[in-house]
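Trainee: A single structure is presented below for examination.
The values are calculated or read from the model by the stated rules, or taken from the named source; none is laboratory data. As the structure is a computational prediction, the values presented were derived from the model and not from experiment. All Cβ positions, glycine included, derive from the backbone under ideal geometry; neighbour counts span all protein chains shown.
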Amino acid sequence: MNARFKPALWIAAVFIIVVLIIPSLLVLPFSSGPPLVEKTDEKSARNTKPKVLQIAHSDMVVPVYRNASEKVENIPLEEYVAGVVASEMPANFEVEALKAQALTARTYIVNRLMNKGSSDAVPAGAIVTDTVQHQVYASDGELKQHWGKDYKKNMEKIIKAVNETSGKILTYDGKPINASFFSTSNGYTENSEEYWDNPYPYLKSVKSPWDEKSPKFKETTEMSVRQVERLLGVKLSSDGEIGKVKKKTTGNKIAQYQIGKKTFSGREIREKLKLRSSDFSLKRKGKVVLVSTKGYGHGVGMSQYGANGMAAEGKSYQEIVKHYYKNVVVTDYRPVTAVK
């Protein structure tokens, strides 16, 4: 081939390539098949899908007697606290209320671990059970089954509350407190000595007006006259109010109640009749007794619905616990081995 014709041939070749390729480049982004880059992004997105937050590490373990398996499990402290918060307080509560619950749960169990000798009867090798006898606890697998599709959303909130209070407990005079809590007050909490035998300087009656929004604030149920007479060991008179209040507590619950010649404590009637609260009234109507209660629980310590109400108003978990537990300090706990 003559050398002088080579540049012309090269120019023609390039022109043909451009004419053939450019339409393909223009059509490719709009083709019906998904581009390869989209598949790569989908795979990447799956690999980077957010996972449930990790619970803070703890070297301490809690020996828990699991009633279902009848075995003792050694559960890391913060994992145990998460399982208690998830079981004892609704996950849809405000995060600051969940933090307050995490603080009470951790305080309770650290106190138990530090005072093993004074623990009530539990199966050998355990320090607590997983029931209301101590604190209700559920494992991660049990929570997945219970919550179903809401598991990730709920657990993220619980772990956030646990992690942001990790290692902290409530103390009074340098010692972990008896961090009691309950569902709903009647508008006031109770002095501990007016419900239990022992007075605690930090468990004093306080106002709790937020509880009025609780679905458990008021309830009226029916019991048969025969059942009430059998459980209380009394004979009920004709229709109308049954008995009378002889004395009230500081928290406006019933301290003493008289039916006929028999006098009961408010706690005694609550427990015998299995009432929600010791703020109650009894009224006979034919063969049934109408039982009206206000509040839910023993009323000593932190009200859970009260805590949620405070959190909804913008109060922090520190403000919540210091309202319900008087003169306490939020502090880091020492390892149990360091306590003499």
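Trainee: How many residues are in contact (Cβ under 8 Å) with a residue 60 or more places away in the chain and β-branched (Val, Ile, Thr) when one looks only at the range 113-152?
Mentor: Here the count works out to 4.
Trainee: Moving on to the next point. Can you confirm whether Asp120 is modelled with pLDDT under 95, charged (D, E, K, R) and assigned by TED's automatic domain parsing to the domain that holds Ile75?
Mentor: yes
Trainee: Moving to a separate point now. From the residues in the range 217-259 that are buried (at least 16 other Cβ atoms within 10 Å of the Cβ) and in contact with a Leu (Cβ under 8 Å, 6 or more places away or on another chain), which one is nearest to Lys283 (Cα to Cα)?
Mentor: Once the filter is applied, the top-ranked residue is Ile242.
Trainee: Of the numbered conditions (1) crowded, with 17+ Cβ neighbours inside 10 Å; (2) farther than 16 Å from Arg66 by Cα; (3) touching a helix residue (DSSP H, G or I) at 6+ places or on another chain (Cβ under 9 Å), Tyr172 satisfies every one except a single condition; which is it?
Mentor: All conditions pass for Tyr172, except number (3).
Trainee: With the condition being more than 19 Å from Ile177 (Cα to Cα), among the hydrophobic types (A, V, I, L, M, F, W, C) and not assigned by TED's automatic domain parsing to the domain that holds Pro199, I'd like the helices (runs of 4 or more DSSP H) fully within the range 225-340 carrying at least 1 qualifying residues.
Mentor: Qualifying helices (runs of 4 or more DSSP H): 225-232, 266-273.
Trainee: Please list, ordered by first then second residue, the pairs with beta carbon atoms under 8 Å, 6 or more apart or interchain, first in the range 209-232 and under 27 Å from Thr189 (Cα atoms), second among the acidic types (Asp, Glu) and not in a helix (DSSP H, G or I).
Mentor: Close Cβ pairs (under 8 Å, with a partner that is among the acidic types (Asp, Glu) and not in a helix (DSSP H, G or I)) amount to Trp210/Glu313.
Trainee: Condition test on Tyr151, is it assigned to a loop (DSSP other than H, G, I, E, B) and hydroxyl-bearing (Ser, Thr, Tyr)?
Mentor: Considered against the rule, which asks whether it is assigned to a loop (DSSP other than H, G, I, E, B) and hydroxyl-bearing (Ser, Thr, Tyr), Tyr151 comes out as no.
Trainee: Please work out which one of (1) at pLDDT 95 or above; (2) at positive phi is the condition Gly240 fails and give its number.
Mentor: Tallying (1) at pLDDT 95 or above; (2) at positive phi, Gly240 fails exactly one: (1).
Trainee: Could you grab me the full set of residues in the range 66-103 that are among the small types (Gly, Ala, Ser), surrounded by fewer than 24 Cβ atoms within 10 Å (Cβ to Cβ) and over 18 Å from Phe182 (Cβ atoms)?
Mentor: Matches in the range 66-103: Ala68, Ser69, Ala91.
Trainee: Among Ala138, Ala97, which is assigned to a helix (DSSP H, G or I) and of a type outside the set (Phe, Trp, Tyr)?
Mentor: Only one candidate qualifies: Ala97.
Trainee: Just name the residue that is nearest to the chain's Cα centre (by Cα) out of those in the range 255-296 that are within 18 Å of Gly187 (Cα to Cα) and aromatic (Phe, Trp, Tyr).
Mentor: Top of the filtered list is Tyr296.
Trainee: Could you list, in sequence order, all residues of the range 193-211 that are part of a helix (DSSP H, G or I) and under 16 Å from His323 (Cβ atoms)?
Mentor: Listed by number, the residues that qualify are Pro209, Trp210, Asp211.
Trainee: Could I ask something else about it? Does the range 104-126 contain any residue that is in a strand (DSSP E or B) and either closer than 15 Å to Pro176 by Cβ or not β-branched (Val, Ile, Thr) (or both)?
Mentor: no
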